[in-house]
Amino acid sequence: MLNENFVIPRSVIWKEDYVSLLNQQKIPQVTEYLELRNIEDVWEAIQSLKVRGAPAIGITAAYGLALAALQDQSKSLQEFHQNLQKSHDYLASSRPTAVNLFWALDRLMKSVSNAQTIDEAKSTILKEAILIEKEDEQVCQLIGEHALSLFKDGDRIMTICNAGSIATAKYGTALAPFYLAKEKNINLSVYACETRPVLQGARLTTWELMQAGVDVTLITDNMAAHTIKSKDITAIIVGADRIAANGDTANKIGTFNLALLAKSFNIPFYVAAPLSTFDPSITDGDQIPIEERNPEEVTQINGIQVAPKDVKVFNPAFDVTPNELIAGIITEKGMITGEYKEEIKKLFSN
Ligand SMILES: CSC[C@@H](O)[C@@H](O)C(=O)COP(=O)(O)O
């Protein structure tokens, strides 16, 4: 295990009858934990980005479904299953792109399909939600170890958005190697893109890494090319929201730009993601649903209007990086590279 003499924040904590949730909307100004007491609270927290990041969305939704199950007053097992399906569908409508949401909810539904009593179903569903969180912590640590093996002392690495501890159960995906490097006294410098419009890089990645004592420098998104050149960036590493069967990867808007820059500067562009972020049911990235969010995320900064009120806005929250721009996808099972279609098929065949 990592030694804990530096702070690795957690975003989702199960508290027996509610979910304690770090309010990521308010970081870094305010560190507050919300009490999510019912499925509506959970839906709203996911939709409004109080919790965000693919694995953390999945874990929170899993606890949301567990809360709904535990609070259910059904008189028969059949009624219980009908209500559970409604709760599943409701939570699944909170955000469309990160496949971990659907993966976690489907996994809970499957876990209770053979339950003989309502009590058995309730305890099974909670156990499964807790397991999803525990597994994600272990998986992120493994991703961090595999990713760290690609870097050496003194490397300068760029990232976007926040694929850190608070986007997962713990440690993160793209940020996990930086926590591990810190422990092993390997010096890595991180360049964090601010990540307009919602600023996950500026607000969250810097906050997380500074607490752990990781050397992090903030840049605006449009500084990426100049920074890669002038600071001699050695690699780019990002997280993922959904990876198609051919390796095409949806991640935070702006990721595709960085992949193109990596190609142009001849530096590796890595994706770090757990197997729960793969969607082998879709053949390529064109089939990934891309969330479009409220125009005000673009026309305002921190509630202050910066563009004409009625300007037309296009606000996709994600883009898709084609597989040929990706030097490697780092999972808990190691890194896959090259023939992604074959490699991904192998990953899911055993
Ligand atoms: C380990 S988190 C991976 C991704 O979910 C992350 O990079 C990302 O794009 C998050 O987008 P967000 O809109 O903040 O949920």
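Evaluation of Glu145 against the conditions (1) among the acidic types (Asp, Glu); (2) free of Cβ contacts under 8 Å to residues at least 60 places away in the same chain; (3) touching a Lys or Arg at 6+ places or on another chain (Cβ under 9 Å) shows that the sole unmet condition is (3). Tallying residues that are part of a loop (DSSP other than H, G, I, E, B) and within 16 Å of the ligand (Cβ to nearest atom) within the stretch 315-340 yields 4.
Here Val7 fits the description: outside the structural domain of Trp103 (by TED's automatic domain parsing), in a loop (DSSP other than H, G, I, E, B) and exposed (fewer than 13 other Cβ atoms within 10 Å of the Cβ).
Residue-by-condition table, conditions (1) farther than 27 Å from Ile301 by Cβ; (2) not small (Gly, Ala, Ser):
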residue	(1), (2)
Ala121	yes, no
Gly144	yes, no
Lys152	yes, yes
Thr159	no, yes
Ala169	yes, no
Glu183	yes, yes
Trp207	no, yes
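In the stretch 221-231 there is no residue matching the filter, namely being of a type in the set (A, V, I, L, M) and within 12 Å of the ligand (Cβ to nearest atom).
Cβ-Cβ contacts under 8 Å between residues 6 or more apart (or on different chains), taken from a first residue in the stretch 162-176 that is under 15 Å from Ile13 (Cα atoms) and small (Gly, Ala, Ser) to a second residue that is within 6 Å of the ligand (Cβ to nearest atom) and not in a loop (DSSP other than H, G, I, E, B), are listed as Ala167/Ala54; Ala167/Pro55; Ala169/Pro55. Selection over the stretch 94-142 of residues that are of a type in the set (A, V, I, L, M) and without any contact (Cβ under 8 Å) to a residue 12 or more places away in the chain gives a count of 1. Taking the stretch 13-70 as the range and being closer than 14 Å to Arg203 by Cα, within 16 Å of the ligand (Cβ to nearest atom) and without any contact (Cβ under 8 Å) to a residue 24 or more places away in the chain as the test, only Lys26 passes.
Restricted to the stretch 145-180, and to residues there that are of a type in the set (Phe, Trp, Tyr) and at negative phi, the residue that is most open to solvent (accessible area, probe 1.4 Å) is Phe151. Exactly one residue out of Ala240, Ala245 is within 14 Å of the ligand (Cβ to nearest atom) and touching a residue at least 24 places away in the same chain (Cβ under 8 Å): that is Ala240.
Among the residues of the stretch 148-167, those identified as assigned to a loop (DSSP other than H, G, I, E, B) and near the ligand (Cβ under 9 Å from one of its atoms) are Ile160, Cys161, Asn162, Ala163, Gly164.
Within the stretch 181-205, being open to solvent by 20 Å² or more (accessible area, probe 1.4 Å) and either polar (S, T, N, Q) or over 22 Å from the mean Cα position of the chain (by Cα) (or both) holds for Glu183, Lys184, Asn185, Ile186, Asn187, Ser189. In the set (1) open to solvent by 90 Å² or more (accessible area, probe 1.4 Å); (2) in a helix (DSSP H, G or I), the condition left unmet by Glu297 is number (1).
The values are calculated or read from the model by the stated rules, or taken from the named source; none is laboratory data. Predicted model, so just to flag it, every value in this text is computed and none were measured. Positions of Cβ are generated from backbone atoms using ideal geometry, with glycine treated the same way; all protein chains shown enter the neighbour counts. In case anyone asks, the SASA skips ligands and DNA or RNA and just uses the protein heavy atoms, side chains included. Shrake-Rupley method; radii C 1.70, N 1.55, O 1.52, S 1.80 Å.
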